[in-house]
Each structure stands twice: as structure tokens, then as C-alpha cells.
1. At a Cα cut-off below 20 Å, give the lysines reachable from Lys72, other chains included and same-chain residues fewer than 8 away excluded.
2. Whole Å is fine, so just give me how far the alpha carbon centre of the stretch 135-202 lies from that of the stretch 1-67.
3. Note down the magnitude of the dipole of the chain about its Cα centre, charges +1 on Lys and Arg C-beta and -1 on Asp and Glu C-beta and zero elsewhere, to the nearest 20 debye.
4. Whose amide H sits under 5 Å from the amide H of Met181, counting only residues 5 or more places off or on another chain, with H placed in the peptide plane?
5. Compactness ratio of the chain: Cα Rg over 2.2 N^0.38 Å, N = residue count?
6. P(r) tail for the stretch 1-96, what percent of Cα pairs lie past 16 Å?
7. Could you derive backbone 3J(HN,Hα) for the stretch 26-38 from the dihedral phi with the Karplus parameters 6.51, -1.76 and 1.60 (θ = phi - 60°), listing whole Hz in sequence and x where the residue is Gly or Pro?
8. Tabulate in residue order the Karplus-calculated ³J(HN,Hα) for the stretch 209-218, using 6.51 cos²θ - 1.76 cosθ + 1.60 with θ = phi - 60°, rounded to whole Hz; enter x for Gly and Pro.
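Any read-out appearing in this document is the output of simple, stated calculations on the displayed coordinates, not a laboratory observation. Model, not experiment: these values are computed from the prediction. As a convention, Cβ positions derive from the backbone with ideal geometry for all residues, glycine included, and neighbour counts pool all protein chains shown.
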Amino acid sequence: MITLHGFGENFGLPEVSPYVTKTEVHLRLAGLPYVKEASAPQFSPKGQLPWLDDDGELIADSHFIRLHLERKYAIDFDEGLGALERAQAWTIERMVENHFGWTMIHMRWLTPENFAKGPAHFFDQLPPTVQEDVRREVQGRVAENVRAVGVGRHSQAEILGLGVRSLAALSALLGDKPFLMGARPTSVDAVAFGMLAGLLTPFFDAPLRDRAMTFGNLTAYVDRMMAGVYPEFAWTPLNLPAEPAWA
Ligand SMILES: N[C@@H](CCC(=O)N[C@@H](CS)C(=O)NCC(=O)O)C(=O)O
């Protein structure tokens, strides 16, 4: 039995974490049955979510979980792609996770209003005497990480500019195709969808989200992925169908 350890539904999303979403999308694209358990990073073998328990074998990190699934279940999420397309998919994945993702984390954790309505509540169950200290300590660690990767050293306007540049790149790469690499979803769609949905959820309000909403092919892509992968989830489409002219 496969158990996926993640955060769970919140923030208007079927899963809070873009990385857990990536793994969950991989499992769903592969049609592998799994159960999901709410966990916390400190219980993971690598101190981060997601991690997987596959019949007693523990695998942490969404990339290594992907490799495990491909090996154990003889799946190729990138089936049909040539060497150049696989290289392009990996390049997109790294841009989304190792750069764009930090602008998203900045939006959630380091914008006071979004932190207050979102991640601050992760600590609500702690005893009131320590709650605020832990909340600020963890937020401080996130700020250090965002600074360590470079993004946190820039002004708000510069961070917005970096995020928009990645959105424009993703939008150009997607073009009018249904999925990033063509007619069917491949591994990189799990990555891009997880991060874009995390940004586009109406739960958070941010200039980066406002800018993302102007990329019509990206909003339609998130709606399409959400409907295909999480049909049970009540997601209000971002791209409401245009009113018929005669309405
Ligand atoms: N490279 C990891 C990144 C996972 C990750 O950043 N998970 C976050 C949640 S979105 C986490 O657990 N953060 C807690 C921490 O770093 O202490 C993966 O692909 O699984």
C-alpha cells in the first residue's frame, strides 16, 4: 500500500504544498491507488514534505518519489518524449522549483497579510504560551532560506519582476498546447500545475497573482489540470467561459 504524507487540503487548494501536489498528481496520472495522511516536515526522513511509504519503503522528496514510482511500477511519465524534450522538461522543472517557487514562497510567507491568513495558522494547535514564538521562528527560517537562494535580497518590485518573467516564460512555452510538452500531461505538468495553482488560488491576494491572472493560457491550464486530476475538488474556474454574445 502506498501512503502519501502531505499537508492536506487548505488555502482553497486540494493540497497546500506544491511539492506534495506534484507527487499526488504523479500518483493520479499513473493511476496508482494511495492513501493520504496529514503529516509534518519533522516526521519526514529528509525533514520536508512530501514523503512516501510504499509497503514499508520510505522515500522522501518529490523527485526521488517520481524515480521510485517509475522504477517500481515500470512507468515513464515522459513516455513519447525525445532526449531534447526531456532536457527541456527538466529545465522547466528546475526553473519552476528552484527559482519561481521562491517568489511564491515569498508571497505566502513574507507578505504580512498572506502570512496571517495562511501559514500562520499552521501553528494554531500549539500551546498559546509558545505559539507566537514558534510562528515567528519558523517564519524567520523561511526568510533566511529565501535570502539564501538570492530572491530575498531584492526589493518587492524586483521579486515581482522575477516572478513575472518566469510566468511569461511558462506562458510562451505552453503556447496553445493543452500541456507543457504537448497533447498529454507529462511529469513537468505535475510540477508546473502544483506551483501555478498554489499561486493562483484566490485565497491569497498578491501583485504576483494579479499578474499571473493576465496569462490566459496559464489560468486555463490550471483549470484544465485541476478538472482532470482533482475532479472531486470544488475549484471555481479562473477562466470563466466567456458569456455568449446573445446572453
Ligand atoms: N525538494 C523537495 C522540496 C519539498 C519542500 O520544500 N517541502 C516544503 C513544503 S512545500 C517543506 O516541507 N518545508 C519544510 C522545511 O523545509 O522545513 C521536494 O521536491 O520534495
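1. Counting by Cα, and skipping residues close in sequence, Lys72 has these lysines nearby: Lys22, Lys36.
2. The distance from the Cα centre of the stretch 135-202 to that of the stretch 1-67 comes to 19 Å.
3. Working: 22 positive and 30 negative charges, 116 e Å.
Charge dipole, the chain, about its Cα centre: 560 debye, nearest 20.
4. Thr186
5. On the way: Rg = 18.2 Å, N = 247, 2.2 N^0.38 = 17.9 Å.
Expressed relative to 2.2 N^0.38 Å, the Cα Rg reads 1.02.
6. Values: 2576 of 4560 pairs.
Cα-Cα pairs of the stretch 1-96 separated by over 16 Å account for 56 percent.
7. So the J values, rounded to whole Hz, are 4, 4, 6, 4, 7, x, 8, x, 7, 10, 10, 10, 6.
8. Result, rounded to whole Hz: 5, 4, 5, 4, 5, 7, 8, x, 6, 6.
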